[in-house]
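Q: One structure, as structure tokens, below. Some questions next.
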Amino acid sequence: MSEPSAPDREREREPGASLVALRAASYAYEDGPTVLSDLDFDVTEGRALALLGRNGSGKTTLMRLLSGGLRPDQGDLILGSAPVTYDRKGLTRLRTTVQLVVQDPDDQLFAASVEQDVSFGPLNLGLSDAEVRARVAEALAALDISALADRPTHLLSYGQRKRTAIAGAVAMRPRVLILDEPTAGLDPDGQERLLTTLQGLRDAGTTVVMATHDVDLALRWADDAALLTPSGVRTGPVAEMLARRELLAQAGLTLPWGIAVRELLRDKGLLEGEGPRTPEELAALTASAMPGASAG
Ligand SMILES: Nc1ncnc2c1ncn2[C@@H]1O[C@H](COP(=O)(O)OP(=O)(O)O)[C@@H](O)[C@H]1O
Ligand SMILES: [Mg+2]
């Protein structure tokens, strides 16, 4: 790929529009802890965002606030430029923009077959049969499960159930797709295939947000990272955020492999720019920085 011209680089750095945001939002469970307090949080158009934090840090709560399943005790959820109203009309506007896929597909799937399950959201929007069929076909294809359309959901594997749950959200054609720990419980091949699928959705213009514990996956996959710490949520470019050891410790996370390699190469004077995010990028870097080290 050629170097972008200077104006392109400028544009890349410009922050995108905020698709959905929390403003001064607080939330406490009844008979439970205050999970988020006075939080400002933005989901920026086109920026893949990883939510990271220890168990119980509030990732799921934050996602449910962003998708309207929970309502902030104080503050607002902003969609476009207007606060969300939690009446039928407001929630429909929110659900056609933001879709949440919960962690356990068995909490999301309920219809007898894959096709019926994925149809449910579009049918509820009152779309025509033809439009519903088109959306379901598109979502099944995006998740690579077209062949499973007639399969009873209770006969699917875990990975297939997970894909079906994601297809149900994709069929709503959301601008923001939020996934709660989508790779948890998948085998390595299943994880890779899911990342490829999510890349396809990103390429098609969906803004994707995921919660994960996996810092290496976040570094490789995300543009931005939001770290949930006891002193608040810190968001920024993923390679910067995941290099901040103190912040990582507060969030109960460890230094990603790619950042450790980047620091090592920099200390040795072998690297000036960005560090590698994948083994392939590391191989390319070492080939150019250490020609003698090339395996040939
Ligand atoms: N339904 C609930 N009722 C009461 N407390 C809850 C409920 N759900 C979560 N919590 C508490 O809220 C905090 C944040 O939980 P959660 O958002 O699920 O964190 P995470 O997804 O990062 O593990 C935890 O202390 C958890 O015990
Ligand atoms: Mg959670």
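Q: Determine which single condition GLY56 fails, assuming it passes every other condition in (1) open to solvent by 40 Å² or more (accessible area, probe 1.4 Å); (2) within 16 Å of ligand 1 (Cβ to nearest atom); (3) at pLDDT 95 or above.
A: Answer for GLY56: the failing condition is (3).
Q: For segment 108-135, what are the residues that are surrounded by 14 or more Cβ atoms within 10 Å (Cβ to Cβ) and among the aliphatic types (A, V, I, L, M)? I'd like the intermediate steps shown before the answer.
A: Within segment 108-135, the subset surrounded by 14 or more Cβ atoms within 10 Å (Cβ to Cβ) is 108-109, 111, 113-123, 125, 127, 132-135.
Those that are surrounded by 14 or more Cβ atoms within 10 Å (Cβ to Cβ) and among the aliphatic types (A, V, I, L, M): LEU109, ALA111, VAL114, VAL118, LEU123, LEU125, LEU127, VAL132, ALA134.
Q: Going by what's in this entry, would LEU140 be described as in contact with a Ser or Thr (Cβ under 6 Å, 6 or more places away or on another chain), within 16 Å of ligand 1 (Cβ to nearest atom) and not in a loop (DSSP other than H, G, I, E, B)?
A: It is false that LEU140 is in contact with a Ser or Thr (Cβ under 6 Å, 6 or more places away or on another chain), within 16 Å of ligand 1 (Cβ to nearest atom) and not in a loop (DSSP other than H, G, I, E, B).
Q: Please identify the pairs in which a residue from segment 94-109 that is under 15 Å from MET63 (Cα atoms) has its Cβ atom under 6 Å from the Cβ atom of a residue that is at pLDDT below 95 and more than 12 Å from ligand 2 (Cβ to nearest atom), counting only partners at least 6 apart or on another chain.
A: Short answer, once both residue conditions are applied: VAL102/GLN108.
Q: May I pose another question? Restricting attention to segment 78-107, which residues are within 16 Å of ligand 1 (Cβ to nearest atom) and surrounded by 15 or more Cβ atoms within 10 Å (Cβ to Cβ)? Walk me through it before giving the result.
A: First pass over segment 78-107, keeping only residues within 16 Å of ligand 1 (Cβ to nearest atom): 100-104, 107.
Scanning segment 78-107 gives LEU100, VAL101, VAL102, GLN103, ASP104.
Q: Those residues that are closer than 19 Å to LEU65 by Cα and outside any loop (DSSP other than H, G, I, E, B), I need them from segment 106-126; list them, please. Walk me through it before giving the result.
A: So in segment 106-126, the residues closer than 19 Å to LEU65 by Cα come out as 107-108.
If the condition is that a residue be closer than 19 Å to LEU65 by Cα and outside any loop (DSSP other than H, G, I, E, B), then ASP107 is the only one that fits.
Q: Just to be sure before I move on: is VAL43 within 14 Å of ligand 1 (Cβ to nearest atom) and among the aliphatic types (A, V, I, L, M) in the structure I sent? I'd like the intermediate steps shown before the answer.
A: Working: within 14 Å of ligand 1 (Cβ to nearest atom): no; among the aliphatic types (A, V, I, L, M): yes.
Taking the combined requirement at face value, the residue does not satisfy it.
Q: Could you list, in sequence order, the residues of segment 45-66 that are closer than 11 Å to LEU179 by Cα, touching an Asp or Glu at 6+ places or on another chain (Cβ under 7 Å) and either free of Cβ contacts under 8 Å to residues at least 60 places away in the same chain or more than 10 Å from ligand 2 (Cβ to nearest atom) (or both)?
A: Across segment 45-66, the qualifying residue is only LEU49.
Q: How many residues are assigned to a helix (DSSP H, G or I) and open to solvent by 70 Å² or more (accessible area, probe 1.4 Å) if we restrict to segment 64-77? Lay out the reasoning, then the answer.
A: Step one: list which residues in segment 64-77 are assigned to a helix (DSSP H, G or I), which gives 64-66.
Subsequent filtering for residues that are open to solvent by 70 Å² or more (accessible area, probe 1.4 Å) retains 64.
Summing the residues that are assigned to a helix (DSSP H, G or I) and open to solvent by 70 Å² or more (accessible area, probe 1.4 Å) in segment 64-77 gives 1.
The values are calculated or read from the model by the stated rules, or taken from the named source; none is laboratory data. Here the structure is a predicted model, which means the values were calculated and not measured. Note that each Cβ is placed from the backbone with ideal geometry, even for glycine, and that neighbours are counted across all protein chains shown. Side chains are part of the model used for accessible areas, which takes the heavy atoms of the whole protein and leaves out ligands, DNA and RNA. Shrake-Rupley method; radii C 1.70, N 1.55, O 1.52, S 1.80 Å.
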